[in-house]
Amino acid sequence: QVQLVESGGGLVQAGDSLRLSCAASGRASSRFAMGWFRQAPGKEREFVAAITWSGTNTYYADSVKGRFTISTDNAKNTVSLQMNSLKSEDTAVYLCAAHRALGSVLAGGADYWGQGTQVTVSS
């Protein structure tokens, strides 16, 4: 079993930056591919970014490419999402996800999910 706890959400203005963190705990959690998803009110959950457990490979949705950066600290079992140049359309609940297989994370079929942290960007 793996537990994921997100932190770092908040209310910011358009153009500001925010850094989200996801702390993973549990059995072999450091060997999991990790990802971030988001869900805005009335919309489907969408993929934001993912990273392999080694941190070598990263993947981004086109809508955040060049603005968001995902990184991992395996020593701390933490994955972070640095969000720069935030836009009002980035407003959503951001959820952390984990799975042994990267493909499952990318497809939104991760085994483990956090509770989410709210990010609100005012224009």
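The values are calculated or read from the model by the stated rules, or taken from the named source; none is laboratory data. On a predicted model such as this, the values are computed, not experimentally measured, just so you know. Neighbour counts run over all protein chains shown; Cβ positions are idealised from the backbone, glycine included. Side chains are part of the model used for accessible areas, which takes the heavy atoms of the whole protein and leaves out ligands, DNA and RNA. Shrake-Rupley method; radii C 1.70, N 1.55, O 1.52, S 1.80 Å.
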If I ask for residues that are open to solvent by less than 40 Å² (accessible area, probe 1.4 Å), more than 14 Å from residue 46 (Cα to Cα) and either of a type in the set (Ser, Thr, Tyr) or touching a helix residue (DSSP H, G or I) at 6+ places or on another chain (Cβ under 9 Å) (or both), which ones from the stretch 91-119 would you list? 98, 99, 117, 119
Going through the stretch 11-41 one residue at a time, which ones are over 17 Å from residue 78 (Cα atoms), over 10 Å from the mean Cα position of the chain (by Cα), surrounded by 14 or more Cβ atoms within 10 Å (Cβ to Cβ) and not hydrophobic (A, V, I, L, M, F, W, C)? 16, 39
Within the stretch 62-95, track down each residue that is among the aliphatic types (A, V, I, L, M), outside any strand (DSSP E or B) and either free of Cβ contacts under 8 Å to residues at least 60 places away in the same chain or under 25 Å from residue 27 (Cβ atoms) (or both). 64, 75
I'm checking my understanding of the structure. Among residues of the stretch 2-41 that are outside any strand (DSSP E or B) and touching a Phe, Trp or Tyr at 6+ places or on another chain (Cβ under 8 Å), which one is nearest to residue 94 (Cα to Cα)? 9
Can you find, within the stretch 42-56, the residue that is most open to solvent (accessible area, probe 1.4 Å) among those that are at pLDDT 90 or above and either assigned to a loop (DSSP other than H, G, I, E, B) or polar (S, T, N, Q) (or both)? 44
Among (1) part of a loop (DSSP other than H, G, I, E, B); (2) open to solvent by 60 Å² or more (accessible area, probe 1.4 Å); (3) closer than 20 Å to residue 113 by Cβ; (4) not polar (S, T, N, Q), which single condition is residue 59 missing? (1)
